[in-house]
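Novice: Below you'll find the structure I mean.
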Amino acid sequence: MTKKTSKHVAVGSKDGKIDKASVGKKSKVAARADTIPDRHRTLGALLRGAYDRMAVWLYGELAARGFTEVRVAHSAVFRAIAADGSRVVDLAARAGMTKQSMAYLVEQLEGFGYLDIVPDPDDGRAKLVTLTRRGKALHAAAVELSAQAERRMGGLLGEERMSLLRDALEQVYDDWDPADTPQR
């Protein structure tokens with residue numbers, strides 16, 4: 001059985017072999033495995049792929065700014081945490097993961113100095129997860145870098161197409177409730 005090669009090759013490659021001088025340079029098309037999402041290009045695969053590329057860039061930039069311990073997996077915590085803190089069980093529910101998995105991420109981030117675990121003022125038996133000063137600085141940097149990523153995408157797509165993309169995604173984010181959408 002012969003191994004099927006991807007139709008995508010890195011910039012600077014010749015006959016599918018990567019030129020060492022091109023490693024780390026910008027490429028218009030990244031080398032990828034022949035995966036099911038690459039073959040079928042569903043909307044979900046395209047959205048996820050775009051997010052994955054943005055996340056790789058964003059977390060690299062965060063590391064360059066000194067937030068070296070944070071990984072993409074930790075974004076589940078930062079996306080789900082309320083401004084005044086959240087219980088682990090609520091973080092897990094918002095992130096769509098188990099309480100145990102969320103507790104593991106929270107424990108890591110607490111150890112890195114991004115989170116505190118404090119008594120819940122509304123329930124003495126419960127604990128709240130809150131952002132530390134460093135956690136708030138990370139969040140602010142991530143928001144700033146997200147805006148930069150959006151501008152970079154705008155440079156790729158052009159202002160008009162980027163505006164249309166953002167408007168469409170805003171509408172889906174605000175208005176689409178899959179439970180209310182009739183099946184076809």
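Rule-based calculations on the coordinates, nothing more; no lab input. These figures come from a predicted structure and were not determined experimentally. Virtual Cβ from ideal backbone geometry, glycine too; neighbours counted across all protein chains shown.
Novice: Using the basic label-point model (7 angstrom from Cα toward the beta carbon), what is the residue 169 to residue 35 distance in nanometres?
Specialist: Those two pseudo-labels are separated by 1.8 nm.
Novice: Ranking request for peptides 92-105, 45-58, 74-87: highest mean number of other beta-carbon atoms within 10 Å first, then the rest in descending order.
Specialist: 74-87, 92-105, 45-58
Novice: Quick one: 3J(HN,Hα) in Hz for region 111-120, Karplus 6.51/-1.76/1.60 with θ = phi - 60°, rounded, Gly and Pro as x.
Specialist: Values, residue by residue: x, 7, x, 8, 10, 10, 10, 10, x, 6 Hz.
Novice: May I pose another question? According to the square roots a ≥ b ≥ c of the eigenvalues of the Cα gyration tensor, what is the shape class of region 73-184, taking rounded for a/c under 1.5, prolate for a/b larger than b/c otherwise, and oblate for the remainder?
Specialist: On the way: a/c = 2.80, a/b = 1.53, b/c = 1.83.
Cα axes put region 73-184 in the oblate bin.
Novice: Hey, can you grab everything whose amide H is under 5 Å from the amide H of residue 115? Only 5+ residues off in sequence or another chain; H modelled, so Pro and N-termini drop out.
Specialist: Those lying under 5 Å, H to H, from residue 115 are 110, 132.
Novice: Also, quick follow-up: Multiply the residue gap between residue 50 and residue 132 by 0.36 nm, knock off their C-alpha separation, and tell me the result in nm, one decimal place. Don't skip to the end; give the middle numbers.
Specialist: On the way: separation 82, 0.36 × 82 = 29.52 nm, distance 3.00 nm.
Between residue 50 and residue 132, full extension yields an extra 26.5 nm.
Novice: Pulled fully out, how much extra length does the chain show between residue 180 and residue 83, if you take 0.36 nm times their separation in residues and subtract their Cα-Cα distance? Intermediate values should be presented prior to the final figure.
Specialist: Details: separation 97, 0.36 × 97 = 34.92 nm, distance 2.93 nm.
Length gained, residue 180 through residue 83: 32.0 nm.
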